[in-house]
Amino acid sequence: MPPQLPGLALYVHLPFCVSKCPYCDFSSRVVSPVPEKAYTDTLVEELRLWRNYLQEDRRPLDSVFFGGGTPSLFSPDSIGRLMQGITRLWPLAPGCEVTLEANPESSTLPRFQGYRAAGVTRLSLGIQSLDPQRLHGLQRAHDRNMALAAMEAASKTGFAAVNFDLIYGTPGQGPDSWKHELEEVTAWNPAHLSCYQLTPETGTPLAARIDRGDLSLPAEEEQRKLWDTTWQTLESKGWEGYEISNFARPGQRCRHNDHVWDFGDYLGIGAAAHGKLTREDGTTTRFVNKADPETYKQSVATTRPSTPQAPTQVPAQAETIDRNTNAGDCLMLGLRRREGVNLETFRQAAGGADPLLPRQQWLEELLENGIVEISAERLRLTPRGRPLLDEVTRLLLPGL
Ligand code: SF4
């Protein structure tokens, strides 16, 4: 019997920003003016190609996520046009969550109200910090006052949920000031907080400065104190840390992120967007679109009929991935969640084989040392094991 297909979500990549942050390795371009109309038209066209390709696929969309880049550089009219295109082509599942990422420099109350009217239910605001010096160090396009104004606009709009993104682990940051910042942010009563540790991603100006010795991030011990401060401060206030970097008020988790971490399927449209589809035969295909927005646009405009591998030549890559890679992805994503990885999903991702069998010795050691635990058919990190996510993932990666 073919495996039951997981739920389906949609990710829409809007890859434009007003400036490039020195730590950013997302696919984003600084372009002015943003080619809003042409890009929106292309996205709707790409979605049509997917619909045509997946005619037999009756799954509704569990969630829609407008990510970037800076999606709030797009007007409510364009987001409305995209939502119309999406809902004409795809049914939305009951309670489908529609998230849009926004940055303070392009955030106003009327704009947020426009997004709300267009169908956006959840706003994710990239404030990153409320400390003027830390914001300056991150070279963000906004300052503290702009962040506060955007937070106020987001809170007033009436979204079902508002998330604030924060970054910690910046040069010179200590636990006391971080705790103070967390307290200021939580006083706004958002539904959700994402707290990401600053990481020097290869190829970024931040990594180059660190390599040259011009800058240093807090040492491992200091980073650990900042991590502990994050979890202790937020959990003591009733926030649920449901993923390594994400905290929600009860019932306010981000549905789209949970869907992806739980190994759901998703279409990714837009330049550099990624997608994942499970086939009836149990194999998984991953898609990556062309990264340059102009090349991406050309690829949509000059498309040929679908092939069995991909809807068009829009994706730069469309590959059926081997069971080790697939199971490894499933493990990596699942271990990030508080509930851990679903062992049945993990087995299916491995093509039916037990992916933990070749790693039994490591698994037993991790269990004995209280780093991981298994219950209710899930393998999860214990609170003690959470900071060791990367190490545990490496030890348990399937080698079938
Ligand atoms: S605003 Fe976000 S996507 Fe844009 S450059 Fe900065 S970190 Fe990257």
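Of all residues in the range 323-351, those satisfying the criterion of being closer than 18 Å to Arg394 by Cβ and over 19 Å from the mean Cα position of the chain (by Cα) are Asn324, Thr325, Ala327, Phe346, Ala349, Ala350.
If you go through the range 352-366 one residue at a time, do you hit one that is assigned by TED's automatic domain parsing to the domain that holds Pro383, within 17 Å of Leu395 (Cβ to Cβ), in contact with a strand residue (DSSP E or B) (Cβ under 6 Å, 6 or more places away or on another chain) and crowded, with 17+ Cβ neighbours inside 10 Å? Yes, that holds for at least one residue. When restricted to residues that are within 22 Å of Leu89 (Cβ to Cβ), over 15 Å from the mean Cα position of the chain (by Cα) and in contact (Cβ under 8 Å) with a residue 24 or more places away in the chain, the range 9-41 contains 5. Filtering the range 8-35 to residues that are surrounded by fewer than 17 Cβ atoms within 10 Å (Cβ to Cβ) and either among the polar types (S, T, N, Q) or more than 16 Å from the ligand (Cβ to nearest atom) (or both) leaves Ser19, Ser32, Pro33, Pro35. Where strands (runs of 3 or more DSSP E) fall entirely within the range 219-298, those with at least 3 residues that are of a type outside the set (D, E, K, R) are at 246-248, 265-269, 274-278, 284-289. The residue that is surrounded by the most Cβ atoms within 10 Å (Cβ to Cβ), among those in the range 60-100 that are touching a Gly at 6+ places or on another chain (Cβ under 6 Å) and without any contact (Cβ under 8 Å) to a residue 40 or more places away in the chain, is Val98.
Screening the candidates Ile269, Ile244 for the property of being among the β-branched types (Val, Ile, Thr) and assigned by TED's automatic domain parsing to the domain that holds Thr70 yields one hit, Ile244. Here Asp354 meets the list (1) in a helix (DSSP H, G or I); (2) closer than 22 Å to Gln4 by Cβ almost entirely, failing just condition (1).
Residue count for the range 36-58 satisfying the condition of being under 21 Å from Leu277 (Cβ atoms) and either among the acidic types (Asp, Glu) or within 15 Å of the ligand (Cβ to nearest atom) (or both): 4. Within the range 116-164, the set of residues being of a type outside the set (A, V, I, L, M) and touching a residue at least 60 places away in the same chain (Cβ under 8 Å) comprises Arg122, Ser124, Gln139, Arg140, Asn163.
Among the residues of the range 10-25, the ones that are more than 15 Å from Ala102 (Cβ to Cβ) and either touching a His at 6+ places or on another chain (Cβ under 7 Å) or of a type in the set (A, V, I, L, M) (or both) come to 1 in all.
The values are calculated or read from the model by the stated rules, or taken from the named source; none is laboratory data. Computed from a predicted model, the values in this text were never measured in an experiment. We place every Cβ from the backbone using ideal geometry, glycine too, and count neighbours over all the protein chains shown.
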